[in-house]
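Reviewing the structure listed below.
The values are calculated or read from the model by the stated rules, or taken from the named source; none is laboratory data. The model shown is predicted, which means the values in this text are computed figures rather than measured ones. We place every Cβ from the backbone using ideal geometry, glycine too, and count neighbours over all the protein chains shown. The accessibility values were calculated without ligands, DNA or RNA, using every heavy atom of the protein model including side chains. Shrake-Rupley method; radii C 1.70, N 1.55, O 1.52, S 1.80 Å.
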Amino acid sequence: MWMLDLARRRPAPRAGLFVGVIRSLGRARALRRQRRALARLDRHLLADIGLGASEARAEATRRAWDVPPHWRQ
């Protein structure tokens, strides 16, 4: 009898949606890790990559959803 009850339940969400959410969370986590690493660099390392301390601080404090437009594609 329980098999009939399972058959009447709503279908499972599409796998593609789940995969997309997992990928988005992975990207957000990687971005957070990169921004934290950027915040820890000293001035001479920032100069090596062409950034000043204020630019690095501004990038490191951006929100997770604040990403370049080409990342959203």
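Of the residues making up the range 18-43, those that are over 16 Å from the mean Cα position of the chain (by Cα) and either assigned to a helix (DSSP H, G or I) or in contact (Cβ under 8 Å) with a residue 24 or more places away in the chain (or both) number 3. Filtering the range 3-22 for residues that are of a type outside the set (A, V, I, L, M, F, W, C), modelled with pLDDT of 90 or more and open to solvent by 80 Å² or more (accessible area, probe 1.4 Å) leaves an empty set. Among the residues of the range 44-66, those identified as assigned to a helix (DSSP H, G or I) and surrounded by fewer than 11 Cβ atoms within 10 Å (Cβ to Cβ) are His44, Asp48, Ser54.
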